[in-house]
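Novice: Right, I'll just put the structure down here and ask away after.
The values are calculated or read from the model by the stated rules, or taken from the named source; none is laboratory data. The model shown is predicted, which means the values in this text are computed figures rather than measured ones. Virtual Cβ from ideal backbone geometry, glycine too; neighbours counted across all protein chains shown.
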Amino acid sequence: MAAPLSSATPTVSGTPPAPEACALAQRARALRQKAADGRLQPVLKGRKLGVLCGEPGRAEALLVRRAALELGAHVSLVHPGFDAGGDGAALIHTARTLGRLYDVVACLALPPGLVRQLRAAAGIPVLDDGCVAAAGAEADSGDVAADDEERRFLWLAVLAASLG
């Protein structure tokens, strides 16, 4: 597997700059080839991922779950139960608790300000769906919106980069 990305990966900034997005798109293509060849390794075996989503049954949440399971991670789909207008102290407490429970948290369809607050207090990588959207824009699909398979491999790349 390729070397981990720079400190400007989605684990720090949310949406990666163009070079990192391009690297994630390339990593996704390499993982797709490994999967096609039956050589995809469970590089996240034993790691724990929390997927925060207002609708845990949402297609994107299930796609992230599938990608993490393919890499060997344990996955929990979690309804966040808080919002950007909520109690700041409770949010910090929740973020710290998430940091003790999980190795990485993926936030889906949460307000960017809320994700930033979680990222600042959790002490672990906190990803958002913007990192996959940026990498998808760098992919050579030619489609405006990445299909499920492309997004799955982009999530594989993002998760592997954040914990690899």
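Novice: Name the helices (runs of 4 or more DSSP H) wholly within the range 1-94 that hold at least 2 residues that are over 13 Å from A161 (Cβ atoms) and modelled with pLDDT of 90 or more?
Specialist: Helices (runs of 4 or more DSSP H) meeting the threshold: 18-36, 59-70.
Novice: For the range 79-102, what are the residues that are among the aliphatic types (A, V, I, L, M) and buried (at least 17 other Cβ atoms within 10 Å of the Cβ)?
Specialist: Those that are among the aliphatic types (A, V, I, L, M) and buried (at least 17 other Cβ atoms within 10 Å of the Cβ): L91, A95, L98.
Novice: Okay, next question. If you scan the range 48-72, which residues turn out to be on the phi < 0 side of the Ramachandran plot and not hydrophobic (A, V, I, L, M, F, W, C)?
Specialist: Selection gives K48, G50, G54, E55, P56, G57, R58, E60, R65, R66, E70.
Novice: What about D128, is it of a type in the set (D, E) and either crowded, with 16+ Cβ neighbours inside 10 Å or within 15 Å of the chain's Cα centre (by Cα) (or both)?
Specialist: Judged against the criteria, D128 is a match.
Novice: Would it be correct to say that Q33 is over 22 Å from D103 (Cβ atoms) and exposed (fewer than 14 other Cβ atoms within 10 Å of the Cβ)?
Specialist: The answer is yes for Q33.
Novice: Take the conditions crowded, with 17+ Cβ neighbours inside 10 Å, among the small types (G, A, S) and either at pLDDT below 90 or in a helix (DSSP H, G or I) (or both) and apply them to G142. Does it pass?
Specialist: no
Novice: May I pose another question? If I ask for residues that are of a type outside the set (K, R), touching a residue at least 40 places away in the same chain (Cβ under 8 Å) and either out of contact with any Leu (no Cβ under 8 Å at 6 or more places or on another chain) or surrounded by fewer than 16 Cβ atoms within 10 Å (Cβ to Cβ) (or both), which ones from the range 56-78 would you list?
Specialist: If the condition is that a residue be of a type outside the set (K, R), touching a residue at least 40 places away in the same chain (Cβ under 8 Å) and either out of contact with any Leu (no Cβ under 8 Å at 6 or more places or on another chain) or surrounded by fewer than 16 Cβ atoms within 10 Å (Cβ to Cβ) (or both), then A59, L63 are the ones that fit.
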